[in-house]
1. Search the stretch B:67-98 for residues being within 13 Å of another protein chain (Cβ to nearest Cβ) and over 16 Å from residue B:9 (Cβ atoms), and hand back the single one that is surrounded by the fewest Cβ atoms within 10 Å (Cβ to Cβ).
2. Please tell me if residue B:101 is more than 14 Å from chain A (Cβ to nearest Cβ) and at negative phi.
3. Look through the stretch A:67-83, keep the residues that are in contact (Cβ under 8 Å) with a residue 40 or more places away in the chain and not in a loop (DSSP other than H, G, I, E, B), and return whichever of them is farthest from residue B:96 (Cα to Cα).
4. Taking the stated definitions as given, is residue A:1 under 29 Å from residue B:49 (Cα atoms), of a type outside the set (Val, Ile, Thr), away from chain B (no Cβ under 14 Å) and not in a strand (DSSP E or B)?
5. Exactly one condition in (1) out of contact with any strand residue (DSSP E or B) (no Cβ under 6 Å at 6 or more places or on another chain); (2) surrounded by 14 or more Cβ atoms within 10 Å (Cβ to Cβ) is not met by residue A:35; state its number.
6. Consider the stretch B:49-66. How many of its residues are surrounded by fewer than 18 Cβ atoms within 10 Å (Cβ to Cβ) and in contact with a Phe, Trp or Tyr (Cβ under 6 Å, 6 or more places away or on another chain)?
7. If a residue has to be part of a strand (DSSP E or B) and at the interface with chain B (Cβ under 7 Å from one of its Cβ atoms) to count, how many in the stretch A:88-113 make the cut?
8. Just for the stretch A:16-44: of the residues that are in a loop (DSSP other than H, G, I, E, B), closer than 24 Å to residue B:102 by Cβ and not acidic (Asp, Glu), which one is nearest to the other protein chains (Cβ to nearest Cβ)?
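Just so it is clear, none of the values below were taken in a lab; they were calculated from the coordinates. A quick note: this is a predicted structure, and the numbers were derived from the prediction, not measured. Quick reminder, even Gly has a Cβ in these numbers, built from the backbone with ideal geometry, and neighbours come from all protein chains shown.
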Amino acid sequence: DSGVTQTPKHLITATGQRVTLRCSPRSGDLSVYWYQQSLDQGLQFLIQYYNGEERAKGNILERFSAQQFPDLHSELNLSSLELGDSALYFCASSVTVAGNTIYFGEGSWLTVV
Amino acid sequence: GESVGLHLPTLSVQEGDNSIINCAYSNSASDYFIWYKQESGKGPQFIIDIRSNMDKRQGQRVTVLLNKTVKHLSLQIAATQPGDSAVYFCAENTGNQFYFGTGTSLTVIP
């Protein structure tokens, strides 16, 4: 158990819908990362937050957004869902922004039908 | 029809043998590296890390070797067990970003 908690574990939704994935980082970790893992693209970095502020952006679509709250939990919002958004979405956390181990949650499996 | 997916390098080893998984990284400025193990349907699990000021680091049954000259990282697993079957990938840290390799699928044959 990495200490990173993600909910829901599984989610099935229709195209055009909107979903919110939630992540609680490890106790004491200030930085949260979101990654997408799909069959044809491996592990893709989406976005990073540190202590409530956005620190880095990767290949995140405009239909996707995220935030980190004062209690350090984070949410990833996915809207206008398309079939191609079906993937495993991982949250990871680390103590600081750089140079420290990042620990992953078990992921949220999103299926868009 | 034929399914399209990420074609991972594969490695099959006999139970009890040693495994060596390789990773080439891209950025000579990367100063921190991590090996992860990912079992099917689960999140990547930290195995071992190494900083760029080291060439070798050992853990329990695992050893990571870093060759900065050729930008190469390897993970050695001693006495490989069936529970070691998984996808292994390396991550390199540059600045505040981690970049992940595509992974190697390890299968342990009992």
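1. The selected residue is B:95.
2. In short, no.
3. If we take residues in the stretch A:67-83 being in contact (Cβ under 8 Å) with a residue 40 or more places away in the chain and not in a loop (DSSP other than H, G, I, E, B), then A:83 is farthest from residue B:96 (Cα to Cα).
4. No: the conditions fail for residue A:1.
5. With (1) out of contact with any strand residue (DSSP E or B) (no Cβ under 6 Å at 6 or more places or on another chain); (2) surrounded by 14 or more Cβ atoms within 10 Å (Cβ to Cβ) applied to residue A:35, the lone miss is (1).
6. Residues that pass the stated criteria total 1.
7. Residues that pass the stated criteria total 3.
8. A:39
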